[in-house]
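Written below as structure tokens is the structure these notes are about.
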Amino acid sequence: KTILKCYVQVTGMTCASCVANIERNLRREDGIHSILVALMAGKAEVRYNPAVIHPANIAELIRELGFGATVMENYGEGDGILELVVRGMTCASCVHKIESTLMKSNGVLYCSVALATNKAHIKYDPEIIGPRDVIQTIQDLGFTTSLVKKDRSASHLDHKQEIRQWKRSFIVSLVFCIPVMGLMIYMMVMDSQMSDAHTHHNMSNEEMEALHSSMVLEYQLLPGLSVMNLLSFLLCVPVQMFGGWHFYIQAYKALKHRTANMDVLIVLATSIAFVYSFVILLVAMAEKAKVNPVTFFDTPPMLFVFISLGRWLEHVAKGKTSEALARLISLQATEATIVTLGPGNILLSEEQVDVELVQRGDIVKVIPGGKFPVDGRVIEGHSMVDESLITGEAMPVTKKPGNTVIAGSINQNGSLLISATHVGADTTLSQIVKLVEEAQTSKAPIQQFADKLSGYFVPSIVAVSVVTLFAWIIIGFVDFEIVEKYFLVTEVIIRFAFQASITVLCIACPCSLGLA
């Protein structure tokens, strides 16, 4: 009789007893050959006789037990995938020999061998054949073969380097930002005192000028170059160079791909503010100006401090979740002891293999203190098992023949023989890791919306700031009194317009959207 296999997505399962309930009840039904339920993946693999029962009926039976169930159409994940390194191939005929031999083997669905990379990619049906059988077949042909080593260290989840980089960026910016802020506050206080003095004591303008120039920071070292501007410039350069280094790299990459992100905005604002201030200073020195020009050297350090602090905190938070995931991955056992049983469960032989080579239905021996390499069912032995990594239960659980065990949990006092039910990517632990990884890589809808917004946000801010620049130039040439109202000393129109447009850029940078 033919036996077919189908997969059913099962929802509403909460614990191992739900799994046992479904398996126990369905095994009693006619036409069902075997059933295997995975709790974390929420799916049941059912082998049935199509002459007696159909997948739709199977889903209905599960629904009657109080769970949600839908048949998964064209579900191919039941196929095992194997990546092997094959050594000793010399020419195309070796490749053909391996491929043709494997394709003749029962249970191998697809096979492709690359001579250049020495790699073989094989798809197989885990019900019929397993990775050890495939490796044995290739070795019998006279080639040496081994598994492609998976990176178990979860190094791709490591954010340590970014954390260090942003922390350094933040500290550099902060060290130079504090004196700049100090200078600003000092100037503000002095200015307010000056205006008070002006209103209360009716000083003449000459006296005011004298008082102004007597202020330490306003003192001109060279004509047009005040102490204040020189200090601000000296404090701003290192921040622009070292604090903003990563922003420049990111912005360059973004512009290269014709996109504009927050980094582009930050770089624009700080660079324009810095370059503009620097040029203004040079012009003032060339003109030997009596009045010190208004510069924006305080903008870049303060912007960089806020943004790099935000980035640093973001990477610390990411590092925390990734750390949890890396810990989970490290719980997986790396090797398994597979045993061959004779009649009456007598041990005939045992061998140590990589955990990836364990096949469904293998008998695995777990000694006291050992980790369970795969999910399985106890065949022989009694023991207590610490399952706290999955269940959070501090007390060890008793295991006797017929009970299920979870990969990654720790066997305590007795030796157990288990029959593997879920191996490789199907174990509970692998499923949890996969779910957490998916949760980390997928974005919340609101986040996708914010990303979309920021795509339009940057160009529109730049546009607004350019409009501001031209608007003020036009206003200045049409009606000069307005600008004069804002500036006691009639500065050049362009200068004021520029100031307004830079202000737009700088205010848009640390906006809540950008920081968030």
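The values are calculated or read from the model by the stated rules, or taken from the named source; none is laboratory data. Predicted, not measured: the structure shown is a model, and the values here were computed from it. Virtual Cβ from ideal backbone geometry, glycine too; neighbours counted across all protein chains shown. The accessibility values were calculated without ligands, DNA or RNA, using every heavy atom of the protein model including side chains. Shrake-Rupley method; radii C 1.70, N 1.55, O 1.52, S 1.80 Å.
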Subject >> Within the chain: Cβ-based charge dipole about Cα centre, in debye rounded to nearest 20 (Lys, Arg +1; Asp, Glu -1) >> reply: 1260 debye
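Counting alpha carbon pairs within less than 8 Å and at least 6 residues apart, what relative contact order, in whole percent, applies to the chain? Each step should come with its number before you reach the end.
Details: 789 pairs, mean separation 58.1, N = 516.
Here the relative contact order equals 11 percent.
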Original post:
Arranged from highest to lowest average of other beta-carbon atoms within 10 Å per residue, in what order do the peptides 133-144, 170-181, 35-46 appear?
Top reply: 35-46, 170-181, 133-144
**OP:** Towards the positive end of the charge dipole of the chain, with charges on Cβ (+1 Lys, Arg; -1 Asp, Glu), say which of HIS33, HIS121, GLN139 has the farthest Cα.
**Re:** GLN139
Subject >> Nonlocal amide H pairs with LYS43, under 5 Å, H built at 1.01 Å >> reply: VAL10, ALA38
Original post:
By average Cβ neighbour count within 10 Å, what is the ranking of 98-109, 364-375 from highest down?
Top reply: 364-375, 98-109
Original post:
With θ set to phi - 60° and the Karplus curve 6.51 cos²θ - 1.76 cosθ + 1.60, what are the ³J(HN,Hα) couplings of segment 218-225 in order, to the nearest whole Hz, using x for Gly and Pro?
Top reply: 7, 4, 8, 6, 10, x, x, 10
Subject >> Charge dipole magnitude, Cβ of K and R +1, D and E -1 - segment 42-125, Cα centre, debye nearest 20 >> reply: 420 debye
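Per DSSP helix of 4 or more residues, -39500 (n - 2.57); summed, then divided by the residues of the chain. What does that give at 222 nm, rounded to the nearest 500? If you can, show how the numbers build up before the last one.
Details: 16 runs with 258 residues, N = 516.
Result for the chain: -16500 deg cm²/dmol, rounded to the nearest 500.
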Subject >> Per residue solvent-accessible surface (Å²) - segment 4-72, probe of 1.4 Å >> reply: 47 Å²
Subject >> Dipole of the chain, positive end: most advanced residue of TRP245, THR14, MET302 [Cβ charges, Cα centre] >> reply: THR14
Original post:
If you find the alpha carbon centre of segment 40-71 and of segment 319-382, how far apart are they in angstrom?
Top reply: 29 Å
Subject >> For segment 19-27, Karplus couplings with θ = phi - 60° (6.51, -1.76, 1.60), whole Hz, Gly/Pro x >> reply: 4, 4, 4, 4, 4, 4, 5, 6, 4
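Ranked highest first by average number of other Cβ atoms within 10 Å, how do 185-196, 416-427 line up?
Values: 185-196: 12.1, 416-427: 22.2.
Highest-to-lowest ranking by the protection proxy: 416-427, 185-196.
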Original post:
Residue by residue through segment 398-415, which ³J(HN,Hα) values in whole Hz follow from phi under the Karplus form 6.51 cos²θ - 1.76 cosθ + 1.60 (θ = phi - 60°), with glycine and proline marked x?
Top reply: 6, 10, 9, x, x, 6, 8, 10, 10, 4, x, 7, 10, 6, 9, 10, x, 7
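Sorted by accessible area (1.4 Å probe), largest first, how do PHE233, PHE67 line up?
Values: PHE233 45, PHE67 25 Å².
Solvent-accessible surface, decreasing: PHE233, PHE67.
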Subject >> Accessible area in square angstrom per residue, segment 357-424, 1.4 angstrom probe >> reply: 40 Å²
**OP:** Apply the Debye scattering formula to segment 4-72, with a single equal point scatterer on each alpha-carbon and no solvent, then give log10 I(q)/I(0) at q = 0.11, 0.24, 0.25 Å⁻¹.
**Re:** -0.20, -1.01, -1.11
Subject >> Heavy-atom accessible surface of segment 292-387: percent carbon and sulfur, 1.4 Å >> reply: 60 percent
**OP:** Run down the lysines and flag those whose C-alpha is under 18 Å from the C-alpha of LYS43, throwing out any fewer than 8 positions away in its chain.
**Re:** LYS5, LYS434
Original post:
Hey, how much of the P(r) for the chain falls beyond 39 Å, as a percent of Cα pairs?
Top reply: 52 percent
Original post:
How big is the charge dipole of segment 1-86 about its Cα centre, in debye rounded to the nearest 20, if each Lys and Arg gets +1 on its Cβ and each Asp and Glu gets -1 on its Cβ?
Top reply: 260 debye
**OP:** Only Cα pairs under 8 Å and at least 6 apart count here; give the relative contact order of segment 4-151 as a rounded whole percent.
**Re:** 21 percent
